[in-house]
1. For the chain, the longest stretch holding no GluC sites (Glu not before Pro) located in a DSSP loop with at most 16 other Cβ atoms within 10 Å is which?
2. Could you pull the Rg and Dmax for segment 207-314, using just the Cα atoms, both in Å?
3. Treating only the Cβ atoms of Lys and Arg (+1) and Asp and Glu (-1) as charged, compute the dipole magnitude of segment 1-124 about its Cα centre; round to the nearest 20 debye.
4. Can you pull the one-decimal nm distance between simple spin-label points at residue 411 and residue 27, each 7 Å off the Cα toward Cβ?
5. Towards the positive end of the charge dipole of segment 17-121, with charges on Cβ (+1 Lys, Arg; -1 Asp, Glu), say which of 113, 59, 33 has the farthest Cα.
6. Leaving ligands and nucleic acids out of the surface, order 363, 137 by accessible area at 1.4 Å, largest first.
7. Write down the accessible area per residue of the chain in Å², having rolled a 1.4 Å probe over the full set of protein chains.
8. What are the ³J(HN,Hα) values, in whole Hz, obtained from phi via the Karplus relation 6.51 cos²θ - 1.76 cosθ + 1.60 with θ = phi - 60°, for each residue of segment 344-361 in sequence order, with x given for Gly and Pro?
Amino acid sequence: MPHTQAESVIKNIIREIAQECAAKGNTVSETMVAFVVKAIVLDPRNGFNVDRTLTKDDVQKLIKLCVDRLLDTKSPSLETIKMQVYFDMNYTTRGEFLDEHHRVLESRLATVSREITDSRARTAEELESLYRKIVSYVLLRSGLGSPTDIRVVREATVPTILKEAIPATTKHIDSELQSSRDMIYKYTALIEQMDGKRQKGNVLNLIQLKEALFNVRQHEALLNIILSDVITCAQQLEVMDKQYGAQMEQLKATVQSKTAIPTAQVYPLFISLSKLWNSFQDEIVLLSVLSNMTANLQPFLSLHEELFPEHVIQPLLSDLTVKSDEDRIKESAGMQVNPSDFRTQEWYFPETTANYDRLPIQYHGFCGFTIATRDGLLLPGDPGIGILKHRERYYIFSCKEAAYMFAQDPDHYINLIGEKAKQCAELIQLLELHQQFSSITPYSQAEASEKLLMKPITKCNSSTQTDTHILETNIVKSYEWNEWELRRKAIKLTNLRKKVTHSMQTHGSHMRRENFSQVYLPKQVGTQTKRDGASNVPKPQIFLSGLRGCGLSQPTNMVKVNLTRDVEES
């Protein structure tokens, strides 16, 4: 069957399954249906051969299996797949989200922005209307609320919203993580106890319990991704807050109490503040999306209380030791693989690898040997034991014995894990098996290739020494071992005895004649000036009388009287 024809058949099957589920009261997306279809076909227990064309009977069988799977209301596996599809459809990286947010926001606010820029307000009413449009634009762009609510208008001027929201969101995610981890530790302890024993299998369904463990492990992994983005928001907020404070101080110093300031001085500051304000708004929107995703992941855990209620689980745990991931890693502390035991295997250790904690570990950091030999049990690996490199991929293990067993035949255990993932499709994304199942996993291929680019940077202890005395100090430079050189020097000395020495003296030679010069010391000369003298001149004083006059009948007659004292009187 041609490729395009096969795609058309698959689309029709997906559409028919979605319609049948909707007819039975359960609306599902076509993306979810497509994922389940591929998972059903991939499972070898269903008897489908992916290398041949599906017959009509195969199509009817596939539709029935998919509908039954999608309508199963007590399947933790289905809830895990729903969680993975939801996260894959709604989560994007920080850069991609901000780019898409800016594009959508600009397209929505284009009309309001055009009204503001084209306004030619002159009267007080027109200016008031323009001001309201600007406030509405800011509120709509920031997404803080309705521009008609006065409380939102006042709150929009307070940038501390982000400082209060980040700790609250982080606290909420930490609480959700702790709750998920508590369930993980309980389920793991029960599964370890029930393996090979059937007395507790009558109370709990071991298959459902493992599916529930996959479900809550996936929830933990997704919450860690969201928490990492929230921490990045907090780091960005700290940087932007410092920049905002510096810009405001610079603006205050520029403006001060001046009535008029050149635009070339303040406009760059206003533009910089505007960009910072937009960055604050971007962080608020991103934090809101992350918070909503955290809340939307919670319903996918609703089956746990129904299938494994607390009053049933707690008595079974009374005689068990519930270990956390940290406790399991502490138990294996100090155990390390001896690389000399493996001639053909390559191992990395924390003391010899610079980027040890950033290597792309396979199976999301879980022990591959335990997954393969204990029917999908997920135990955390301890990097301190050593990281095995096999076919350009890196594996860690929960104990030293598991590392030795896996290293003897890695391909065998890798194939076992692949077969287990075919039966439990949710493991494909949980264990990050995107290379083995590239046609079914929603995992980004670009992200997969980026992870594989990380290579270990090995390091070792080395030292160099510089000699203080490179050459020996007791070397006799006049020593000569060559007898022919000694003969040449002897002939030279013999010839010198027969030579006549001639000498002459010139002004340029070092034996020039002595020259003398006589210097007369300067005489001591002194001068005498006349004595200092001083004089005190009297201060001039003049009095004018008759300035007031005697009325209109008599004219004014001013008299000038000199009251200055004579020089002789002083």
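The values are calculated or read from the model by the stated rules, or taken from the named source; none is laboratory data. Since the model is a prediction, treat every value here as computed from it, not as a measurement. For neighbour counting, all protein chains shown are included, and Cβ atoms are generated from backbone atoms with ideal geometry for every residue, glycine included. Heavy atoms of the whole protein, side chains included, go into the accessibility calculation; ligands, DNA and RNA do not. Shrake-Rupley method; radii C 1.70, N 1.55, O 1.52, S 1.80 Å.
1. That gives 1-350 as the longest site-free run.
2. 24.0, 78
3. 220
4. For the pair residue 411/residue 27, the computed spacing is 5.1 nm.
5. After comparing all options, I get 59.
6. If we order 363, 137 from most to least accessible, we get 137, 363.
7. Normalised by residue count, the accessible surface of the chain is 66 Å².
8. So the J values, rounded to whole Hz, are 9, 9, 10, 10, 10, 10, x, 7, 10, 10, 6, 9, 4, 7, 10, 5, x, 6.
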